[in-house]
Every structure is written in C-alpha cells, then in structure tokens.
Amino acid sequence: MDQEKRGQWASNFGFLMAAIGSAVGLGNIWGFPYKMGANGGFAFLIIYLILVTFVGVATMLGELALGRKYGMGVVGTYRLISKKYTWIGWLGFLSGFFILAFYSVLGGYTLRYTIGFLLELFSKGSGFGGMGGGQFFGSFIVNSGANVLYHFLFMGLTILIVMGGVSGGIEKFTKVAMPALFVMLLIVIVRSLTLEGSFSGVEFMFAPNFAAFSEIGFMKVLKTAAGQMFFSLSLGMGCMITYGSYLSKEENLEKNAVIIPVADTIFALLAGLAVMPAVGAFMSQGVEGINFTAGPGLLFITLHQVFSVGMGGVIGNLFGALFYFLVFIAAITSAISLLEVCTAYFIDKRIEKGLDPSRKKVTLVTGLAIFALGLLVCLDGLGSGVGGGAVIDPPGVMLGMENIRAAFASWLDFYDMISEGVFMPLGALIMALIIGWSLKTTVIKDEVEASPNVLMKSYQFWDICYKFIVPIGMFFVLLGQLDDFFGLGIF
Ligand code: TRP
C-alpha cells in the first residue's frame, strides 16, 4: 500500500490525541458515571479495571499492531491476513455505519443543548422555550425537523474534519480539542465539587458497595462493566486498526496500547466527578426532577435540570453551555474515528486500483450515506412515538413484533443492537482467536519490535490474553449484549 497517499500521523502525540479522542466520547461522560454509581461504585471500578487490563489493553494492542503491520483499513487488513477473514472486516465497516448513524443524532442533541444554553444566556426563555429538563426532552425528540437539522450539522462538521485528512484534519483538530476538553472538564469539576451537598454525589459514584454484587447479581455487574469497557475503548470494529495503519514504524505500540486505555479511564472518572456531585448537590437540596437513578436520562434530562433549575441564572446557563459544548467535543472526536473507518475502505480501494484517493469526495459521499441512515433515528421519536409522534415507525412496529424487545423499540436501539450488540463483540472475539491461535502472538511481537530499539515486554502475558482471556471475555460481552437487547434473562 502506498502509505504516502493514505496519509500518516505527523507525531505520536497527534496519534494519541486522535485515538484518545476516539475512545473518550458519550460512553465516558454519559454511560460510565451512572453505570458505575448504580453497580457498586468503587467495587464496579475494580472489576472495570481488571477487564481493561486483561481484555481491553490486549485487544487495543492487537488492533494497533494489525493495522500498522498491514497498513490498511479494517476490510483490507482482514483480507490481507486471509481471504477467508474478509467478512470480519466487513462487520467492522458496517458497525461504523450503524453506530455513526445514531451517534451523530445524539451528537446533534449536544449541539442543540449547547445552543439552547447560549440562547438562554443572552435572551432568557428563548433557548428551551421555558420548559424543564423532562418536558423539553420529550418535545425535542418528536420534533423531527429539529432532529434532522442538528443531525445534519453534526454530521457536516464530522465530514469537514475527516475531509482534511489524517494529519491535516483529524490530527490537527484532536490535538487542540482533546487538551481543551480536559481543561473544560476540570472547570466543571471545580464548580460541581464546590456546590453545597456535592459530597453525596461523590459517595454515590465512588463509595465501595460490594453488596451490589449480591443485590444486583455479580454476573449482571460484570456484564455491564464488560460492555461498557469495550465500547468505551472503541474496540471491535477496527477503529484502532485504521488509526494504527497511519502510525509510523518508529513508534512504540505496546506503550501506546497502555496509554490509550489509561487515559480513557481517567476521562471516565473525571466525567463522573463533573456530573455526579452536581446531581447529588441539587438532589439533596430537593430540586425537582434531579436524582441519581435517571439512568440513560442522565445526560439530556437530569443534567439539563441541574444547570437550568439547580444552578439557574447566568451561572447555570454559562456552565450549561460549557458542559454541553464539552460533551459535543467528546462526541465529535469519536464520530471522526467512526467515519474514518468507513472512508478508509474506499480510499484503500481506490489506491489499489491505481486511482487518486480523492479523500474529499469519498468522505462526502460516505458521510452523506451515513446521514441518510441516521434519518430513521431522527424520525421515530426514539421509539416514544409508538402510537403517535413518530414520522416513521420504529422497527418493532414496522416488523409487526408483538413483543417489542429492546432491540426493536427504536431505530437507535436497532442500529445499536446490530453493531454494539452483535458485530463488534463478534469481531473482537474472532480477532483474538486469529491472533492467538492462527497467526500466533508472535505476529504482534514482530510488529512491536519492528520499531527501532523496542523489545516487547510482556509476551507471555499477551499470549495468554489472546488465546484465552480475550476470547472468553468477548464471548461474555456478546452474551451480555444479546441478553440486554432481547431480554433473554441469561444473567
Ligand atoms: N468510544 C466512544 C465512546 O465512548 C464511541 C466510539 C467511537 C466507538 N469509535 C468507536 C465505539 C468504535 C466502538 C467502536 O463514546
């Protein structure tokens, strides 16, 4: 492959910002805080860290090494390993399509909320039409025009950045965006922790509650932690294969494969410190509609209420705008990586045919196709439209399913089930098996040691990971996801 035509990271720091940008996203800021709090706090964290160490880091290293070795996107990499594995590459490619289709709609929400708080700041009442958190969200999700508009804006920005190329677009953007995200997060943390009653939030999230293992069930806690871990690290769909393929042979893969998960976990914990103390503070002050148990409603309902009613006034609007902008940054740096996986396939293909890569054109067409797929997510009111409100019915209704399982409740859930539920854990599972049993772990060692003066440090450890731990871990994730989406009651 012609690496010059494909593009390369200008520096290892740039690569790290892009990769950490991919990992740190809605999963960290939205999912992690409430899942950790609801599943045993510090006890959950211990399990999460064990999973990151034994499953996450090895999978990360595997993806980066395969990408750099073969120098192609996810489809090309698996095809080069062996023609019989090409389909695994396609699972990754399709996952990128489906995840980004709904991720971009949610990214659009973060834009809407940022603009909402800015409008409130400058002309009171115009940002959210005087509605509270729950009411606004309810009206927003069935407002298909607004959904399409913000999905379009979010996807448009993502396309523009990816069009700029690997170092000229993605790296340039994430190199500024990620440090800025970090600083913004610290500012929100200071505000959050200095609120009266904030300690209850710290307690909710961090206090060890080993009783959760028996109350909720240890396997359920493990399942939640495992699913969260692999989504949060952007594993299983070749994001890291693609990003690894732009990495110079000079760079130390083993080190990078540790830094990314560590940074991702730190961001998740920091996000918890930004969010939960504020929720705890206003909950203990008795503000309406604010509690820890909102689950998925945390980001767009509870926190809206925290800023608009809890904090209120100019400060509330200011921090509301800052916070949702920060979430927007986290989301778009992840969206970029998803689009790049799909774009890279077409670019590789064009280069193979001896054509000009035409990155701009390819990115635009791919991005618009994903935008179109996301329209279904915009038009079904997140499933709330069953029996009214939806322009297009969610798949459960369309397919005439009597029992609308979670997987069919909305287009978002449906896309999520295909990708996060099936394709990705399956992809990661098979990748580990291929490395551990077919190519043998030496393929990773050789690639790590292709860097000058680098000796692989933990061969034995990786070998056990690829052969046994990761496949078992990923099989477990797969079961857990199917259990969630189809309500199988396995765990
Ligand atoms: N990791 C991101 C998050 O936490 C989402 C994401 C980006 C992702 N790229 C991915 C998830 C690839 C799985 C695979 O929000």
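Residues checked against (1) of a type in the set (Gly, Ala, Ser); (2) in contact (Cβ under 8 Å) with a residue 60 or more places away in the chain; (3) away from the ligand (no atom under 16 Å from the Cβ):
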| site | (1), (2), (3) |
| --- | --- |
| 16 | no, yes, no |
| 19 | yes, yes, no |
| 48 | no, yes, no |
| 81 | no, yes, yes |
| 91 | no, yes, no |
| 95 | yes, yes, no |
| 98 | no, yes, no |
| 121 | no, yes, yes |
| 126 | yes, no, yes |
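Please enumerate the residues belonging to region 400-445 that are in a helix (DSSP H, G or I) and small (Gly, Ala, Ser).
Result: 406, 407, 419, 421, 427, 428, 432, 436, 438.
Can you work out which of the residues in region 430-484 that are of a type in the set (Gly, Ala, Ser) and open to solvent by 30 Å² or more (accessible area, probe 1.4 Å) is nearest to residue 252 (Cα to Cα)?
450
Which pairs do you get when a residue that is within 14 Å of residue 227 (Cβ to Cβ), found in region 403-422, comes within reach of a residue that is among the aliphatic types (A, V, I, L, M) and within 13 Å of the ligand (Cβ to nearest atom), reach meaning Cβ atoms under 8 angstrom, with the pair 6+ apart or on two chains?
If the second residue must be among the aliphatic types (A, V, I, L, M) and within 13 Å of the ligand (Cβ to nearest atom), the pairs left are 416/99; 419/94; 419/99; 419/237; 420/99.
Can you tell me which of 56, 62, 27, 76 is under 24 Å from residue 451 (Cα atoms), within 13 Å of the ligand (Cβ to nearest atom) and in a helix (DSSP H, G or I)?
From the options 56, 62, 27, 76, the qualifying one is 56.
When region 232-264 is examined, which residues are found to be within 11 Å of the ligand (Cβ to nearest atom), part of a helix (DSSP H, G or I) and of a type in the set (A, V, I, L, M)?
240, 241, 260 - these are the residues of region 232-264 that are within 11 Å of the ligand (Cβ to nearest atom), part of a helix (DSSP H, G or I) and of a type in the set (A, V, I, L, M).
Checking residue 361 against (1) on the phi < 0 side of the Ramachandran plot; (2) surrounded by fewer than 16 Cβ atoms within 10 Å (Cβ to Cβ); (3) modelled with pLDDT under 95: exactly one of these is not met. Which one?
Of everything listed in (1) on the phi < 0 side of the Ramachandran plot; (2) surrounded by fewer than 16 Cβ atoms within 10 Å (Cβ to Cβ); (3) modelled with pLDDT under 95, residue 361 misses just condition (3).
Please enumerate the residues belonging to region 115-144 that are open to solvent by 40 Å² or more (accessible area, probe 1.4 Å) and hydroxyl-bearing (Ser, Thr, Tyr).
Selection gives 123, 126, 139.
Which ones in region 403-412 are surrounded by fewer than 24 Cβ atoms within 10 Å (Cβ to Cβ) and of a type outside the set (S, T, N, Q)?
Step one: of region 403-412, the residues surrounded by fewer than 24 Cβ atoms within 10 Å (Cβ to Cβ) are 403-409, 412.
Correct list: 404, 405, 406, 407, 408, 409, 412.
Take residue 270 and tell me if it is within 16 Å of the ligand (Cβ to nearest atom), in contact (Cβ under 8 Å) with a residue 40 or more places away in the chain, closer than 24 Å to residue 39 by Cα and open to solvent by less than 10 Å² (accessible area, probe 1.4 Å).
no
The values are calculated or read from the model by the stated rules, or taken from the named source; none is laboratory data. In this text, all values refer to a predicted model and were calculated from it rather than measured experimentally. Because the Cβ atoms are built from the backbone with ideal geometry, glycine has one as well, and the counts that use them run over all protein chains shown. The area values use the complete protein model at the heavy-atom level, side chains included, leaving out ligands, DNA and RNA. Shrake-Rupley method; radii C 1.70, N 1.55, O 1.52, S 1.80 Å.
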